[in-house]
Amino acid sequence: MLEHQIQMTSQDYIDLENQYNAKNYKPLDVVLERGEGVWVYDVEDNRYLDFLSAYSAVNQGHSHPRILNALIEQAQKLPLTSRAFRNNQLPLFAKHLCDLTGYEKMLPMNSGAEAVETAMKIARKWGYKVKGVPDGQAEIITCSGNFHGRTITIISYSDEPATKDYFGPYTPGFKEIPYGDATALEQAITPNTVGFLFEPIQGEGGVIIPPDGFLRQVRDICDRHNVLMIADEIQTGLGRTGKLFACDWEDVRPDIVAIGKALSGGFYPVSAVLTDAEVMDVIQPGEHGSTFGGNPIACAVAQEALSVLVDEGLFDNARQMGDCLRDLLGQIDSPHIKAIRGRGLLIGVELHPSAGGARRFCEALQHNGLLCKETHDHIIRFAPPLVISRDDIDWAFDRIKQVLMMD
């Protein structure tokens with residue numbers, strides 16, 4: 001290959017990507033080549049502390065050896081069967097996931113957006129077959145500031161111009177309420193409402209946490225109106241906030257949960273929808289699926305990724321290290337900082353407009369050996385792998401403090 005014949009620099013790779021790849025992202029100009037634990041290395045062998053975890057897909061750390069071995073072992077046996085035939089890994093994965101989460105059924109897919117689409121299809125079918133909503137009239141309520149993916153249907157209920165503009169016409173059947181407003185939710189419900197789709201913490205929206213008690217209010221409202229409570233835990237689930245699910249902070253059990261990202265520890269696209277039999281069983285053969293959803297590699301990898309989260313105590317570590325990091329960040333006396341918020345190791349630092357945007361701080365942190373990413377222009381998001389240690393936190397904090405104190 002070309003890179004083996006010629007010593008290529010980061011700029012060489014950047015130039016190639018700019019020439020041949022769609023410009024649908026605006027990444028920091030660092031070209032990563034390998035990773036281990038919380039650390040990643042670029043093609044010049046410079047080391048960086050990863051404070052984004054591939055948007056929480058790498059909760060278990062980069063290249064975790066147990067997950068890697070599961071991937072290799074299954075790849076050597078049988079990578080793919082499609083769902084035309086059964087394979088021996090899917091039943092094991094399904095049981096493992098349901099035993100861990102307490103749900104009766106799961107439906108495997110690949111990406112997070114696919115999981116959200118799956119959840120919406122299940123909710124609509126349940127609305128028609130169980131609740132008795134007239135065909136074609138099902139409504140799903142969503143929240144302002146949401147981010148659930150970028151498919152046509154998902155962006156149809158987005159209010160983010162960069163995601164939505166110029167991609168219409170949009171899919172009907174959605175209502176929007178202000179995030180965290182339980183009164184607005186109850187007022188928006190009609191006899192045709194089949195589900196309320198929400199993020200327990202809006203990650204892409206800026207690490208926005210709803211008011212205390214909001215999730216319990218939602219659970220009560222959905223119960224009283226026979227509406228499915230649908231949680232998008234793709235970014236917040238699987239330990240990121242210090243518990244299995246972010247909804248667990250209020251001891252709330254949604255009717256449907258969409259998960260992905262850390263479900264594979266970053267090795268493979270794996271997502272799933274969790275619910276109980278009463279809801280899941282509305283889906284019959286041929287009505288939904290994916291060639292790769294539930295493939296043997298995905299199932300073997302996901303089982304090991306889940307086991308690592310539990311065996312290594314990563315939920316507790318996320319909670320402890322997150323508390324530590326937020327406490328340290330609160331000590332920074334910077335005129336740029338407007339607010340610090342988060343739960344576990346999902347933390348947002350909101351900057352004043354006068355700070356000149358979050359991007360320049362992320363670029364400065366990159367040059368100081370720490371990788372993170374801005375969201376909504378004025379918020380820096382910190383989300384390191386859950387395997388991070390106190391020494392790593394201290395190392396990161398020294399650089400974050402220095403950068404946030406710059407002019």
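Is there a residue in segment 318-325 that is surrounded by 18 or more Cβ atoms within 10 Å (Cβ to Cβ) and farther than 23 Å from Gly205 by Cα?
Scanning segment 318-325, I find no residue that is surrounded by 18 or more Cβ atoms within 10 Å (Cβ to Cβ) and farther than 23 Å from Gly205 by Cα, so the answer is no.
Give me the residue from segment 144-171 that is modelled with pLDDT of 95 or more and aliphatic (A, V, I, L, M) and, out of that set, farthest from the chain's Cα centre (by Cα).
Ile152
Pick out the one residue from Ser156, Ser144 that is small (Gly, Ala, Ser), outside the structural domain of Thr375 (by TED's automatic domain parsing) and more than 30 Å from Val349 (Cβ to Cβ).
Being small (Gly, Ala, Ser), outside the structural domain of Thr375 (by TED's automatic domain parsing) and more than 30 Å from Val349 (Cβ to Cβ) holds for just one of Ser156, Ser144, which is Ser156.
Under 9 Å between Cβ atoms, which residue pairs at least 6 apart in sequence (or on different chains) link something in segment 21-50 that is outside the structural domain of Gln11 (by TED's automatic domain parsing) with a partner that is at pLDDT below 95?
Listed pairs, sorted by first residue: none to list.
Where the second residue is assigned to a helix (DSSP H, G or I) and among the β-branched types (Val, Ile, Thr) and the first is under 16 Å from Val58 (Cβ atoms) and lies in segment 303-323, which pairs have Cβ atoms under 8 Å and are six or more apart or on separate chains?
Sorted first by the residue in segment 303-323, then by its partner, the pairs are Glu304/Ile67; Ala305/Ile67; Val308/Ile67; Leu314/Val308; Met321/Ile393.
Among Glu73, Glu3, which is the only one that is modelled with pLDDT under 95 and more than 28 Å from Gly348 (Cβ to Cβ)?
Going through Glu73, Glu3 in turn, the sole match is Glu3.
Among Gly330, Gly313, Gly286, Gly265, which is the only one that is out of contact with any Leu (no Cβ under 7 Å at 6 or more places or on another chain), surrounded by fewer than 24 Cβ atoms within 10 Å (Cβ to Cβ) and closer than 19 Å to Phe51 by Cα?
Gly330
With the structure loaded, tell me whether Val301 is assigned to a helix (DSSP H, G or I) and touching a Phe, Trp or Tyr at 6+ places or on another chain (Cβ under 7 Å) or whether it fails that test.
Here the answer is yes, as Val301 does meet what is asked.
If you scan segment 171-213, which residues turn out to be in a strand (DSSP E or B), without any contact (Cβ under 8 Å) to a residue 60 or more places away in the chain and within 11 Å of Asn146 (Cβ to Cβ)?
The answer is Phe174, Glu176, Ile177, Phe198, Gln202.
Has segment 299-314 got at least one residue that is hydroxyl-bearing (Ser, Thr, Tyr) and in the same structural domain as Val207 (by TED's automatic domain parsing)?
The answer is yes; a qualifying residue exists.
Only one of these is among the polar types (S, T, N, Q), within 22 Å of Ala75 (Cα to Cα) and in contact with a strand residue (DSSP E or B) (Cβ under 7 Å, 6 or more places away or on another chain): Ser307, Ser271. Name it.
Ser271
I'd like to check which strands (runs of 3 or more DSSP E) are fully inside segment 306-407 and have at least 1 residues that are small (Gly, Ala, Ser).
In segment 306-407, 337-343, 346-351 are the strands (runs of 3 or more DSSP E) which contain 1 or more residues that are small (Gly, Ala, Ser).
Scanning segment 207-224 for residues that are touching a strand residue (DSSP E or B) at 6+ places or on another chain (Cβ under 7 Å) and surrounded by fewer than 24 Cβ atoms within 10 Å (Cβ to Cβ), which turns out nearest to Leu97 (Cα to Cα)?
Among them, the one singled out is Arg219.
The values are calculated or read from the model by the stated rules, or taken from the named source; none is laboratory data. Everything quoted here is computed from the prediction, not taken from an experiment. Glycine also receives a Cβ, built like all others from the backbone with ideal geometry; neighbour counts cover every protein chain displayed.
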